[in-house]
1. In contact with a helix residue (DSSP H, G or I) (Cβ under 9 Å, 6 or more places away or on another chain), at positive phi and surrounded by fewer than 24 Cβ atoms within 10 Å (Cβ to Cβ), is that true of A:G145?
2. Residues to consider are B:A212, B:A255; find the one that is under 17 Å from the mean Cα position of the chain (by Cα), more than 9 Å from every other protein chain (Cβ to nearest Cβ) and buried (at least 23 other Cβ atoms within 10 Å of the Cβ).
3. Only one of these is surrounded by 24 or more Cβ atoms within 10 Å (Cβ to Cβ) and of a type in the set (A, V, I, L, M, F, W, C): B:F65, B:F13, B:F108. Name it.
4. Scanning segment A:108-130 for residues that are surrounded by 24 or more Cβ atoms within 10 Å (Cβ to Cβ) and out of contact with any Phe, Trp or Tyr (no Cβ under 6 Å at 6 or more places or on another chain), which turns out farthest from B:L40 (Cα to Cα)?
5. Within segment B:103-114, identify whether any single residue is more than 9 Å from chain A (Cβ to nearest Cβ) and modelled with pLDDT under 95, and answer yes or no.
6. Are any residues in segment A:226-261 more than 14 Å from chain B (Cβ to nearest Cβ) and β-branched (V, I, T), and if so, which ones?
7. Test A:L178 against the criterion of being away from chain B (no Cβ under 14 Å), out of contact with any Leu (no Cβ under 8 Å at 6 or more places or on another chain), part of a helix (DSSP H, G or I) and aliphatic (A, V, I, L, M), and give yes or no.
8. Among the residues of segment A:292-307 satisfying the criterion of being surrounded by fewer than 18 Cβ atoms within 10 Å (Cβ to Cβ) and of a type outside the set (F, W, Y), which is nearest to B:S125 (Cα to Cα)?
Amino acid sequence: MQRDAGSPLPQVRLDAEWSLGAGFVIMAALLALAPFAVYPVFLMQALCFALFACAFNLLIGYVGLLSFGHALFFGWASYLCAYAAKGWGLSPELAILTGTATAALLGTVSGFIAIRRQGIYFAMITLALAQMMYFFALRAPFTGGEDGIQTVPVRRLFGLIDLSGEMSMYAFVLVVVLAAFLFIYRIINSPFGEVLKAIRENEQRAVSLGYKTERYKLVAFVLSATLSGLAGSLKALVFQFASLTDVHWTMSGQVVLMTLVGGLGTVFGPVVGAFLIVAMQNYFASFGQWVLVIQGAIFIVCVLVFRRGIVGELGSALGVKL
Amino acid sequence: MFEIFGIPSQALFGQLLIGLINGSFYALLSLGLAVIFGMLNIINFAHGAQYMMGAFAAYLLLQYFGLNYWEALVVVPILVGATGIAIERLFLQYVRKLDHLYGLILTFGLALIIEGVFRNFYGSSGEPYQIPAGLQGGHNLGFMFLPNYRAWVIVFSLAVCFAVWFTIERTRLGSYLRAATENPTLVRAFGINVPRMVMLTYGFGVGLAALAGVMAAPIYNVSPQMGSDIIIVVFAVVVIGGMGSIMGAILTGFALGIAEGLTKVFYPEASDTVIFVIMVLVLLVRPAGLFGRSA
């Protein structure tokens, strides 16, 4: 990709590497120590949503595509993972693979349809597709309708490792989420990722440079859907439960909120946003419907005065990339 | 009574009627979305919530102030439209110049707030609203029974749609609106107060949603989630029709309502999803939408 002459590119690169590397080490260390101080089930829930938000951010933050239907991938992967573990008796890694592959397949089909329109229409199409699949989930016999799939058994990982303890499950979730986080980081810093950013900045120009932007967008969409599916599958195993909540449009809204609060297009923002929003939901759980009002208010505040999100503001205050 | 394709005429025309009713609401709501999008460049996610506010306002005015349906039909769009104007002044004027996505996210937040407040006070169960005295009962047309209120909804929403189309496409005021959509700076240079026009347009679009809400109150139960149920379908309608044309929004709304009604007769399991399936097919064949200019 061509850059303007005289841009301080090497300097930015260097800064980017140390701040991101340091950030990652701090994040991993905090998360490794956290279960000794904080309730592990809360941490696992937040980690699943952090991965979901990072996957979502791959699309909105780096390609500029706002999907309002990511619950489709999260929720359907969670259903298929739960069903694979319960109905077919698969071990955790195969159940997760089933869920993630489902999300990849759904991502390919819906991505192919949705990228035919841009901007605002893209958001509406993804929302409509997700709503369609919500109704299928409501009707399909294997999802258990309103009851969902409950008491999903968690067998030994690879037939060897026992995941029934909270700490062993936490360690497993942490390893998967950190690996996926690094994978996403690798994507956005690859030549492929640079093309995605070019499409975000100016799609026409990217087209005129000879890039088949439709293909890039589709691949990004499928990657984002697949990783969202990984998050949904993990959640199904952690809670041993898959339900309609995970495919509902409110879930799509949640992930938008988490990413927006943390910072669109930042590396660590979605993680911070996910932890904050999950903590807020647990804390305000007794407030009933007011949670909806509080979330709505956060959306408005973020859009009006806080568009870079927490991590985006922090990064620009410190003058580093985060 | 007679049968068509093995379906009793009563059932067939009954569902067609329900389809037309739903179509009236799709048309009114997608019309409002198109008008707002044209002027503000914002997809109003709160449109469903404002439709719900319309229905609730009619219900509350009847409960606490004794205003009947006909009075509500006049008062409610003005009241709810005024809240729309306040929203435009407080929030939307600051995001119009930003990327489309921020307008969508902000109005999504508004929708959550409005729905949350009503859920908090009224739970998620519905409240009934009586059909107005003059429109109770119905007529037996031989092939079907036509309730008076439903006939009124269809006729009145057609009239409202036509009036809006006529105002925008055929009057001087409409020509200002269309000009301001094309080139606001130039229109301002001619001495027209475009920001005020934008504000009033949003108020008008919101009022239209509230009007649909009042009309819907006697048909569906008045409930806090009635807005989020319908808005996603209306988004699909807008994707199918494209937002470039007022007439397109109206026709698509009615046509999809009818398609949904027919699906209920022939394959009821698919009636929730048929509009989304049609959206997918349209996107595959005509990505710009039926009436849209290619993006």
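The values are calculated or read from the model by the stated rules, or taken from the named source; none is laboratory data. As the structure is a prediction and not an experimental result, all values here were calculated from the model. Here the Cβ positions follow ideal geometry from the backbone for every residue, glycine too, while neighbour counts run over all protein chains shown.
1. Here the answer is yes, as A:G145 does meet what is asked.
2. B:A212
3. Values: B:F65 fails: surrounded by 24 or more Cβ atoms within 10 Å (Cβ to Cβ); B:F13 fails: surrounded by 24 or more Cβ atoms within 10 Å (Cβ to Cβ).
Residue meeting the stated conditions: B:F108.
4. Looking at residues that are surrounded by 24 or more Cβ atoms within 10 Å (Cβ to Cβ) and out of contact with any Phe, Trp or Tyr (no Cβ under 6 Å at 6 or more places or on another chain), I get A:S110.
5. No, that holds for no residue.
6. Of all residues in segment A:226-261, those more than 14 Å from chain B (Cβ to nearest Cβ) come to A:226-243, A:245-246.
Selection gives A:T226, A:V238, A:T245.
7. For A:L178, the condition - away from chain B (no Cβ under 14 Å), out of contact with any Leu (no Cβ under 8 Å at 6 or more places or on another chain), part of a helix (DSSP H, G or I) and aliphatic (A, V, I, L, M) - is not met.
8. The qualifying residue nearest to B:S125 (Cα to Cα) is A:I294.
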